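Q: Shown below is the structure under consideration.
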């Protein structure tokens, strides 16, 4: 079959190709056996598959949890926290009295916290006790209570990437905390990313409304289609822009959508998805905008198409994939 032109491949990657053009490209991709020789992507993909098969089995043996939908394999650490609420009443004479409860004793809340760590190359979907649904991508750590027992709902994304569909309950506001940043919602769907080794927290709102705030007093209200990039090192807003609502959260269905996404962020998503590491040779490429749509593709094909549309090269170098131009 005749080689497909780079212009057509670029149209295909960016989602601008017609149905006939898409079919032509996909048939060509399927039939070309030596497609990835120039980028060593066959070798890359084989290594990814092998790593996934060996490491994942060992990692996931340590993960176990029971949910409403059945048994899911996740790693749990259990600990209880006792919050004793003795209320002290100070009188004008300086005397201290303990406020008596119904049974003359302090009220004690016991809240069991669960920790979920998802290894790279995997993803987990779970429901919280309030029916909030969360999709957690590989390379993430989430802390949440087994049961929400107070008049508010709080969870913490220690690091990683998650998409949340928050159950509506006006009487109990929902808070997600991540690296000093906080997102407050009543009922909404949004995507939040705070990956290890990166300086930014990114939030994209699909529906509803949220308030993003930090410990310094910064507050930004968001509406559907808003995307925010916050520098957690410098404690400042880097970008506040409009984003295609249809693309938010599509990674939960195996789709990767890059729309003028910085190269460093795009590669981070690929690392979490395919359990691989990238090394960018030229730091000036970090902020290179990348656009592309990939649905349930092997890593080798994704790298080939990215290379064709951006002029980048991807080569195996020991345990990393070297990215250059």
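Q: Among 114-126, 305-317, how do they line up from the highest to the lowest mean number of other beta-carbon atoms within 10 Å?
A: 114-126, 305-317
Q: Can you sort 143, 155 from fewest to most other Cβ atoms within 10 Å of each residue's own Cβ?
A: By the 10 Å Cβ count, ascending: 143, 155.
Q: Could you calculate the FRET efficiency of residue 131 with residue 324 from 1/(1 + (r/R0)^6), where r is the beta carbon distance between them and R0 is 41 Å, rounded to 0.05?
A: Result of the calculation: an efficiency of 0.30.
Q: Rank the residues 297, 222 as a footprinting-exposure proxy: fewest other Cβ atoms within 10 Å of their Cβ go first.
A: Least to most surrounded, the residues fall as 297, 222.
Q: How many angstrom separate the Cα center of the stretch 108-187 from the Cα center of the stretch 271-325?
A: Between the Cα centre of the stretch 108-187 and that of the stretch 271-325, the gap is 31 Å.
Q: Let me ask another. How would you rank 179-192, 235-248, highest first, on the average number of other Cβ atoms within 10 Å across their residues?
A: Listed from highest to lowest mean packing, they are 179-192, 235-248.
Q: Could you work out how much longer the chain between residue 221 and residue 209 gets when fully extended? Use 0.36 nm per residue separation minus the Cα distance between them, nm to one decimal.
A: Going from the current span to full extension adds 3.6 nm.
Q: When the chain is fully extended, how far beyond the present Cα-Cα distance does residue 236 get from residue 313, taking 0.36 nm per residue of separation?
A: Going from the current span to full extension adds 24.4 nm.
Q: Stretch residue 255-residue 301 to full length: gain in nm at 0.36 nm per residue minus the Cα-Cα span?
A: Between residue 255 and residue 301, full extension yields 15.2 nm more.
Just so you know, all these numbers are worked out from the coordinates, no wet-lab data involved. Note that this is a predicted model, so its numbers are computed, not measured. Neighbour counts are summed over all protein chains in view; Cβ atoms, including those assigned to glycine, are modelled from backbone coordinates with ideal geometry.
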